[in-house]
1. If the only charges are +1 at each Lys and Arg Cβ and -1 at each Asp and Glu Cβ, what is the size of the charge dipole of segment 10-242 around the Cα centre, to the nearest 20 debye?
2. Using r as the Cβ-Cβ distance of residue 214 and residue 69, and R0 as 41 Å, what FRET efficiency do you calculate, to the nearest 0.05?
3. Across segment 86-188, what fraction of all alpha-carbon pairs, as a whole percent, falls in each successive 5 Å bin from zero upward?
4. If Lys and Arg each add +1 and Asp and Glu each add -1, what is the summed charge of the other residues whose beta carbon sits under 15 Å from the beta carbon of residue 218?
5. Just want to confirm a number: the relative contact order over segment 10-242, from Cα pairs under 8 angstrom separated by 6+ residues, in percent.
6. Highest mean first, what order results for 135-147, 102-114, 217-229 on Cβ atoms within 10 Å?
7. Need one number: the % of Cα-Cα pairs in the chain sitting beyond the 28 Å mark.
8. Rounding to the nearest 20 debye, state how big the charge dipole of segment 1-110 is about its Cα centre with +1 on each Lys and Arg Cβ and -1 on each Asp and Glu Cβ.
Amino acid sequence: MVGQALQGQVALVTGAATGIGRATALALATEGARVWINHCEQQDLAEQLVAEIIAHGGDACAVEADVSDPAAVAAMFETILGAGPLDMLVNNAGVILEKPFLATDEADWARVLGVDLSAVYRCCRHALAHMQPRRSGAIVNVTSDLGFLGREHYAAYCTAKAGVIGLTRSLAREFAADGIRVNGVAPGPIATAMVSPEHMSEQWMAKELAIPMARLGTPEEVAAAIVFLLSPRASYFTGQMLGPNGGSWMGA
Ligand code: NAD
């Protein structure tokens, strides 16, 4: 059933074919938003999501772009803004890398920072150049509790996510007078493809679950925080980091 809170609003969610992005796109559509589903070589999954949203009475469209590629992002924004205004942006696309620091070479560093930090900068620039003259808009950047905490063997990822926190707070200050809110979510361990026992070491999983709630979160629990921050219900929130994280910020 389609709700009312975001009726008539248009959102772009990056990396929306799977995981937290997918859940966010569904939740935004449920609140009445028209959603652009960005994906990178995941046409089938993106089209399935579009079909699911439309079947539930919502509105969505898939748009392909590797967000680490400036030309692809420029083309994506041209497509989106050519179709009409954009009210909301969720920078969700991300990659993770588990590697000892001394084995993390220049190419690893550039790849992780390219998707997890530079793409956020890039998408924010395109969106804010459009939102500023309209004097409205809302952005949520998906960072991580590891951006605050740091983690051995995750230096590139943690550095990028910490950068997203600084970027979010700087943009919140710079664009507040333009009526644009910029917030972040810093999830703890969430059950997605990124964080599954097949992909992560036993040591990592043990560490991630040593938190007060002792379980993985769900993509829907993160999506709820993102939708709240984008909605008019969060009209006095900017520069904030909401932490759907099972209490990880407090330690075990
Ligand atoms: P996921 O792997 O399901 O989602 C990441 C998405 O980003 C995928 O759909 C992937 O195709 C897309 N993507 C990757 N590179 C891209 C690129 N260059 N261009 C466009 N899309 C690209 O995992 P997820 O857990 O849903 O991750 C979503 C976000 O949440 C990420 O930013 C991640 O860092 C963050 N996060 C996840 C967790 C967790 O425990 N799962 C915790 C904290 C933060």
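1. Numbers: 16 positive and 25 negative charges, 194 e Å.
The calculated dipole for segment 10-242 is roughly 920 debye.
2. Efficiency, rounded to the nearest 0.05: 0.55.
3. It works out to 3, 14, 24, 22, 15, 11, 7, 4, 1, 0, in whole percents.
4. Numbers: positive: 22, 215; negative: 208, 220, 221.
Cβ neighbours under 15 Å give a net charge of -1.
5. Numbers: 420 pairs, mean separation 47.7, N = 233.
Once divided by the residue count of segment 10-242, the mean separation gives 20 percent.
6. Values: 135-147: 23.5, 102-114: 13.5, 217-229: 21.7.
Packing order, densest peptide first, comes out as 135-147, 217-229, 102-114.
7. Values: 8763 of 31626 pairs.
In whole percent, the long-distance tail amounts to 28.
8. Working: 3 positive and 15 negative charges, 89 e Å.
The dipole of segment 1-110 has a size of about 420 debye.
Bear in mind that the values in this text are calculations on the coordinates, not laboratory data. Source: prediction; values computed, not measured. Cβ coordinates were reconstructed from backbone atoms using ideal geometry, including for glycine residues, and neighbour counts include every protein chain displayed.
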